[in-house]
Amino acid sequence: MAELRTYRAKRNFGSTREPRGGKRPARGNRYVIQKHAARRLHYDLRLELDGVMKSWAVTRGPSLVPSDKRLAIQVEDHPVEYNRFEGTIPKGEYGGGTVMVWDRGRWMPEGDPRSGLRKGHLEFRIAGKKLRGRWHLVRLKNRDRGKLRAWLLIKGGDEHARRKSDPDILTAEPTSVASGRTMAEIAAGKRARRRAA
Ligand code: MN
């Protein structure tokens, strides 16, 4: 069971409505991407492993174009309950801003994901509503000094890959898979357009 100590230390649960997280059986393979308009907009990629969500902040968001390499900074493990968090984090709190459940589903590692994480190359498939098919996370060797854990998120070549000239998935699919809401609607506290699927 991985630890959520860092996750909890960063947050004031008397102020934010983010979950504190409990103990979990270490068996699932859930996948989620949360669009997070904090000080800087980014997309948080989370992959369930050993009872927690391994997490990366993808600064420019995922791309379906295999030649696009998107910087993904590994951040603290998050609780599995975080996957359902959509709403606002108060200003002044850690990560203050608006969070949307942009995509979710399952992920399937190719090979042992623990050794992949250690080696710095994770190969996997995603079965989400927006993202599908093969993906790679590759750690950058020279940029891991200190606390910056820099990886690249790269689409693998398959039938789900797109060309540069195709529409950008981020603008083509801007709303929440959980509520159908836009970022502005979540920020304004509007009700869900439809039931969570
Ligand atoms: Mn974030």
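Since every read-out is calculated from the coordinates, none of them should be taken as a lab result. Predicted model, so just to flag it, every value in this text is computed and none were measured. All Cβ positions, even for glycine, are placed from backbone atoms using ideal geometry, and neighbour counts span all protein chains on display.
In this entry, D112 is excluded by the filter for residues that are within 16 Å of the ligand (Cβ to nearest atom), out of contact with any Phe, Trp or Tyr (no Cβ under 7 Å at 6 or more places or on another chain) and of a type in the set (D, E, K, R).
Checking each residue in the stretch 63-113 for being among the aromatic types (F, W, Y) and more than 20 Å from L131 (Cα to Cα) picks out only Y94.
Kindly list the number of the only condition in (1) closer than 19 Å to R125 by Cβ; (2) more than 9 Å from the ligand (Cβ to nearest atom) that fails for I73. Exception for I73: condition (1). Going residue by residue through the stretch 115-127, is there one that turns out to be more than 23 Å from G156 (Cα to Cα) and not hydrophobic (A, V, I, L, M, F, W, C)? There is no residue in the stretch 115-127 that is more than 23 Å from G156 (Cα to Cα) and not hydrophobic (A, V, I, L, M, F, W, C). Filtered by the rule that a residue be buried (at least 20 other Cβ atoms within 10 Å of the Cβ), more than 24 Å from L140 (Cβ to Cβ) and not aliphatic (A, V, I, L, M), the stretch 64-89 gives P79, Y82, N83, E86. Residue count for the stretch 98-108, restricted to those that are out of contact with any Gly (no Cβ under 9 Å at 6 or more places or on another chain) and surrounded by fewer than 18 Cβ atoms within 10 Å (Cβ to Cβ): 1. Screening G92, G116, G61, G111 for residues that are exposed (fewer than 15 other Cβ atoms within 10 Å of the Cβ) and closer than 18 Å to Y31 by Cα leaves exactly one candidate, G111. The number of residues in the stretch 161-197 being under 19 Å from the mean Cα position of the chain (by Cα) and not hydrophobic (A, V, I, L, M, F, W, C) comes to 10. Within the stretch 1-30, being of a type in the set (F, W, Y) and within 16 Å of the ligand (Cβ to nearest atom) holds for one residue alone: Y7.
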